[in-house]
Amino acid sequence: MPLLSRHLLGLYGVPKEDIQLILDTAITFREVLDRPIKKVPTLQGKTVVNLFYENSTRTRISFELAEKRLSADSINFSVSTSSVSKGETLKDTIRNIEAMKVDMVVVRHSAAGTPQFLTKVCSANIINAGDGIHEHPTQALLDMYSIREKLGKLEGLKVCIVGDVAHSRVALSNIYGLKTMGAKVSVCGPSTMIPKYIEDLGVDVIYNIDEAIQENDVLNVLRIQLERKAREYFPSVREYANYFGITNERLEKSGKDILILHPGPINRGVEISSDVADGMNQIILRQVTNGVAVRMAVLYLLGTLN
């Protein structure tokens, strides 16, 4: 059964059947990554443009690898060396790219709603790789895949998203996706970093990290976005680490075998200590590996719709 939409713009409103299909399809591609020859001819002849207006390491390389593993032709767009630096608009940029007969566009942009805009001005399949502080659907999908791979299910699990929820596109996509899949979601962080109406999304709010550890099966620990003036929302990095940082001492005190995720990059000693980041409870590098498989699944399912 194909996906109901020909784009992946976010996880808001995406039906459970579509998320299930992506996660199940990713299992097959995860097996491909463990083969001596990590390549299949599935999207041979298809062309994908990675249109990144923001800096990225994991997401951009993950998409590029996923495209190459599927035998698609992959083109990376660099803003600094493009006509954008000469004043070309996004609309003209995408229309010129489309005129070169591309099939799919993976876009990351600082403005929320950019992927939706692209669907109105071009006919290619659009995949959202992060738009402002709106959504980051493939990150949430790989998080869900990684949780299910480790714990065997999503339905009924208690998952807490910790940190700067107000400014996180990862948090919003995870909330939508996890709730659709039957998980119970909560958020934890300083009151200045929790959106005022977050409970309207059906999530609980916890302001004590020890309570969050005690009550949940999974912690998805968000990066404190120091480059986006996150320091304005708490007195100091040291104080944030003291009140909300995930440490071995806290985990041992709880007596729970809780699963730790982190979308990266990690601020060691701030949102998570080095001993936890390298410890037995976390699956951070596993998330990175699984991200390639999940993005292969998304590209495959959209690329074979046409």
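The values are calculated or read from the model by the stated rules, or taken from the named source; none is laboratory data. Predicted, not measured: the structure shown is a model, and the values here were computed from it. Here Cβ is always computed from backbone atoms with ideal geometry, including for glycine, and neighbour counts include all displayed protein chains.
What is the one condition in (1) more than 21 Å from ASP131 (Cα to Cα); (2) surrounded by 15 or more Cβ atoms within 10 Å (Cβ to Cβ) that ILE224 does not satisfy?
Here ILE224 meets the rest and fails (1).
Hey, any hits in segment 15-23 for a residue that's in contact with a Ser or Thr (Cβ under 7 Å, 6 or more places away or on another chain) and of a type outside the set (A, V, I, L, M)?
Here is the first cut: in segment 15-23, the ones in contact with a Ser or Thr (Cβ under 7 Å, 6 or more places away or on another chain) are 16, 19.
In the following step, the residues that additionally are of a type outside the set (A, V, I, L, M) were identified as 16.
Checking segment 15-23: at least one residue is in contact with a Ser or Thr (Cβ under 7 Å, 6 or more places away or on another chain) and of a type outside the set (A, V, I, L, M).
Please go through segment 1-36 and pick out each residue that is at pLDDT 95 or above, assigned to a loop (DSSP other than H, G, I, E, B) and of a type in the set (Gly, Ala, Ser).
Passing the criteria: GLY10, GLY13.
Where residues in segment 109-130 are among the hydrophobic types (A, V, I, L, M, F, W, C) and in a strand (DSSP E or B), which of them is farthest from LEU299 (Cα to Cα)? If you could, list the steps in order and put the result at the bottom.
To start, the set of residues in segment 109-130 that are among the hydrophobic types (A, V, I, L, M, F, W, C) comprises 111-112, 117-118, 121-122, 124, 126-127, 129.
Then drop every residue that is not in a strand (DSSP E or B), which leaves 126-127, 129.
Numbers: ILE126: 10, ILE127: 8, ALA129: 12 Å.
Filtering segment 109-130 for residues that are among the hydrophobic types (A, V, I, L, M, F, W, C) and in a strand (DSSP E or B), the one farthest from LEU299 (Cα to Cα) comes out as ALA129.
Could you go through segment 282-290 and let me know if any residue there is at pLDDT 95 or above, part of a strand (DSSP E or B) and closer than 30 Å to GLU67 by Cβ. It would help to see each step written out before you state the result.
Of the residues in segment 282-290, the ones at pLDDT 95 or above are 282-290.
Subset that is part of a strand (DSSP E or B): 282.
Filter once more, keeping what is closer than 30 Å to GLU67 by Cβ: 282.
For segment 282-290, residues at pLDDT 95 or above, part of a strand (DSSP E or B) and closer than 30 Å to GLU67 by Cβ: present.
Which one of SER146, SER173 is assigned to a helix (DSSP H, G or I) and either of a type in the set (Asp, Glu) or under 16 Å from ARG108 (Cβ atoms) (or both)? Break it down stepwise before answering.
Details: SER146 fails: either of a type in the set (Asp, Glu) or under 16 Å from ARG108 (Cβ atoms) (or both).
Exactly one of SER146, SER173 is assigned to a helix (DSSP H, G or I) and either of a type in the set (Asp, Glu) or under 16 Å from ARG108 (Cβ atoms) (or both), namely SER173.
Here is a check on your reading of the model: is VAL106 outside any helix (DSSP H, G or I), at pLDDT 95 or above, surrounded by 15 or more Cβ atoms within 10 Å (Cβ to Cβ) and out of contact with any helix residue (DSSP H, G or I) (no Cβ under 9 Å at 6 or more places or on another chain)?
no
Suppose we filter LYS158, LYS150 for residues that are of a type outside the set (S, T, N, Q), in contact with an Asp or Glu (Cβ under 9 Å, 6 or more places away or on another chain) and touching a residue at least 40 places away in the same chain (Cβ under 8 Å); which single one remains?
Numbers: LYS150 fails: in contact with an Asp or Glu (Cβ under 9 Å, 6 or more places away or on another chain).
Being of a type outside the set (S, T, N, Q), in contact with an Asp or Glu (Cβ under 9 Å, 6 or more places away or on another chain) and touching a residue at least 40 places away in the same chain (Cβ under 8 Å) holds for just one of LYS158, LYS150, which is LYS158.
Considering only residues that are crowded, with 17+ Cβ neighbours inside 10 Å and part of a helix (DSSP H, G or I), look in segment 234-249 and name the one that is modelled with the highest pLDDT. Before the answer, list the steps.
Keep residues of segment 234-249 that are crowded, with 17+ Cβ neighbours inside 10 Å, which gives 234, 237, 240-241, 244-247.
Those left that are additionally part of a helix (DSSP H, G or I): 237, 240-241, 244.
Values: VAL237: 85, TYR240: 90, ALA241: 92, PHE244: 95.
Per the criteria, the residue is PHE244.
Would a scan of segment 88-101 turn up a residue that is under 30 Å from LYS153 (Cβ atoms), in the same structural domain as ALA124 (by TED's automatic domain parsing) and either free of Cβ contacts under 8 Å to residues at least 60 places away in the same chain or surrounded by fewer than 17 Cβ atoms within 10 Å (Cβ to Cβ) (or both)? Steps first, please.
First, the residues of segment 88-101 that are under 30 Å from LYS153 (Cβ atoms): none.
No, segment 88-101 contains no residue that is under 30 Å from LYS153 (Cβ atoms), in the same structural domain as ALA124 (by TED's automatic domain parsing) and either free of Cβ contacts under 8 Å to residues at least 60 places away in the same chain or surrounded by fewer than 17 Cβ atoms within 10 Å (Cβ to Cβ) (or both).
Please work out if VAL187 is of a type outside the set (Ser, Thr, Tyr), crowded, with 20+ Cβ neighbours inside 10 Å and either free of Cβ contacts under 8 Å to residues at least 40 places away in the same chain or in a helix (DSSP H, G or I) (or both). Please lay out each step first, then the result.
Working: of a type outside the set (Ser, Thr, Tyr): yes; crowded, with 20+ Cβ neighbours inside 10 Å: yes; either free of Cβ contacts under 8 Å to residues at least 40 places away in the same chain or in a helix (DSSP H, G or I) (or both): yes.
So VAL187 passes the test.
Among (1) surrounded by fewer than 18 Cβ atoms within 10 Å (Cβ to Cβ); (2) in the same structural domain as ALA112 (by TED's automatic domain parsing); (3) among the aliphatic types (A, V, I, L, M), where does ILE22 come up short?
In the conditions (1) surrounded by fewer than 18 Cβ atoms within 10 Å (Cβ to Cβ); (2) in the same structural domain as ALA112 (by TED's automatic domain parsing); (3) among the aliphatic types (A, V, I, L, M), ILE22 misses (1) alone.
What's the number of the only condition in (1) assigned by TED's automatic domain parsing to the domain that holds ALA129; (2) assigned to a loop (DSSP other than H, G, I, E, B); (3) not hydrophobic (A, V, I, L, M, F, W, C) that ARG295 fails to meet?
(2)
Which residue is farthest from LEU259 (Cα to Cα), if the candidates are limited to segment 218-231 and must be modelled with pLDDT of 70 or more and of a type outside the set (S, T, N, Q)? Even if it seems obvious, please write down each step before you answer.
Keep residues of segment 218-231 that are modelled with pLDDT of 70 or more, which gives 218-225.
Within this subset, residues satisfying the condition of being of a type outside the set (S, T, N, Q) are 218-219, 221-224.
Details: VAL218: 5, LEU219: 6, VAL221: 10, LEU222: 14, ARG223: 17, ILE224: 19 Å.
Step by step, filter segment 218-231, then rank; the result is ILE224.
Being part of a loop (DSSP other than H, G, I, E, B) and in contact with a Leu (Cβ under 7 Å, 6 or more places away or on another chain) is the filter here, so list the residues in segment 250-262 that pass it. So that I can check it myself, show each step before the final result.
Just the residues of segment 250-262 that are part of a loop (DSSP other than H, G, I, E, B), to begin with: 255-258, 262.
Correct list: ILE258 only.
Scanning segment 57-83 for residues that are in contact with a helix residue (DSSP H, G or I) (Cβ under 9 Å, 6 or more places away or on another chain) and assigned to a loop (DSSP other than H, G, I, E, B), which turns out surrounded by the fewest Cβ atoms within 10 Å (Cβ to Cβ)?
Taking the candidates together, the pick is SER82.
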